1. Which members of region 165-215 meet the condition of being under 15 Å from GLY306 (Cβ atoms), assigned to a strand (DSSP E or B) and open to solvent by less than 80 Å² (accessible area, probe 1.4 Å)?
2. Only residues in region 248-275 that are on the phi < 0 side of the Ramachandran plot count as the first member; pair them with residues that are exposed (fewer than 11 other Cβ atoms within 10 Å of the Cβ) and of a type outside the set (Gly, Ala, Ser), Cβ under 7 angstrom, at least 6 apart or cross-chain, and list the lot.
3. Looking at region 155-162, is at least one residue within 22 Å of ASN284 (Cα to Cα), open to solvent by 70 Å² or more (accessible area, probe 1.4 Å) and assigned to a strand (DSSP E or B)?
4. Identify, by number, the condition in (1) over 20 Å from VAL186 (Cβ atoms); (2) open to solvent by less than 70 Å² (accessible area, probe 1.4 Å); (3) at pLDDT 85 or above; (4) not β-branched (Val, Ile, Thr) that GLY230 doesn't meet.
5. Go through (1) surrounded by fewer than 20 Cβ atoms within 10 Å (Cβ to Cβ); (2) touching a strand residue (DSSP E or B) at 6+ places or on another chain (Cβ under 7 Å); (3) under 19 Å from ARG219 (Cα atoms) and name the single condition LEU322 misses.
6. Condition first: under 39 Å from the mean Cα position of the chain (by Cα), under 27 Å from GLU331 (Cβ atoms) and open to solvent by less than 50 Å² (accessible area, probe 1.4 Å). Now tell me which residues in region 270-313 satisfy that.
7. When only residues in region 241-269 that are of a type outside the set (Ser, Thr, Tyr), within 30 Å of VAL228 (Cβ to Cβ) and in contact with a Lys or Arg (Cβ under 7 Å, 6 or more places away or on another chain) count, which is surrounded by the most Cβ atoms within 10 Å (Cβ to Cβ)?
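The values are calculated or read from the model by the stated rules, or taken from the named source; none is laboratory data. Computed from a prediction, not measured in an experiment: that's the story for all the values here. For neighbour counting, all protein chains shown are included, and Cβ atoms are generated from backbone atoms with ideal geometry for every residue, glycine included. Note: accessible area is taken over every heavy atom of the protein model, side chains too, but ligands, DNA and RNA are not part of it. Shrake-Rupley method; radii C 1.70, N 1.55, O 1.52, S 1.80 Å.
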Amino acid sequence: GAFVVRCASTRRCLTRMKRSSTGGGGDGGKKQKGADFEGDFPRGKPSASDREDMKMKPQHKVVRKSEGESSLFKSEGARENQEAAAAELAKEKKKIRGKNLKATTAKRTARAKSDAKLTRGGEETEDLGDAWSEREMKLPKVVEPLRFKKVNEGMLLLGVVKEVREAEALISLPNNLSGWVEVDQVSDELENLIEESLEDEDAEPPALSDFLWVGLSVRCMVLSTAIVSGKGKQASSHHKHINVSVKPSLVNRGLSIGSVHVGMKLYGAVSAIEEHGYAVSLGNRELNAFLPFDEAGDRNGKLKVGQLVEGRVTKLQKGAKLAKLSLVPEE
């Protein structure tokens, strides 16, 4: 037994000496080819004394590499995994972006549908209520140009007198459109004067040029639209005809005293000449207007009954349902 122990001790000493000599050599401490060690023992079954030493000495696990594995293959595999992870992340971001885009498109579609419900004569209208503010009403971002097919009966437009004839006048409308106004569609007061002149054989009918002149700004309401074919040599041609009225009683049909405020411009016709100014009819029973002589500006003494005026509200008496107007430009 003592001989076996001594042999085992001698074997361990030889093994350690061999390792120390191998570690100091020029082969960099690598294992020799053909030597296969695991821990401090060569391949084989350790003895009882060797097992006791193994319990007292910490063991180091040796990880063996496969013959075909190398650091190059490891880097290629890591790169492939990294690229796969990046592709998966990009795919996930694309899905999120697609969901956000769909939501944005849905919002734009809903907004476009709401903008299509603008107040327009003959079409579906939106209840604006008494308040007029950007917070309570969404204004369209893009204003479509006015076209003939979009002009409907009852639509309100701004125009400028372009030509005055004996019984009708040509009104220039937005986007190169034109409308015709007949002499009995200027104001209710002028219509009454024409009827009185027809009843009196000696009286002369009022001239339309005294009530409308080139360059006068007017507010119009569309009465009708039609496409009229030409006559004679121009029988094959067609032109668009728009019939309008500039009567304050039609233009101010939706005017209420609650919507009138100081600084607002009102459109009316002179109904009478009084001691201190002109009585102006707005064509509305809820509200009347008065224009003092000193507020008539350069038209003082030139205004006639039936002529159209557009003045700025300087004072409002809601109890008397009266608005004081001025034609003098605000400083």
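1. Residues satisfying the conditions are ALA169, VAL181.
2. GLY258/ASP130
3. Checked against the condition, which is being within 22 Å of ASN284 (Cα to Cα), open to solvent by 70 Å² or more (accessible area, probe 1.4 Å) and assigned to a strand (DSSP E or B), region 155-162 yields at least one hit.
4. (3)
5. (3)
6. LEU282, LEU287, LEU308, VAL309, GLY311, ARG312, VAL313, listed by residue number.
7. VAL246
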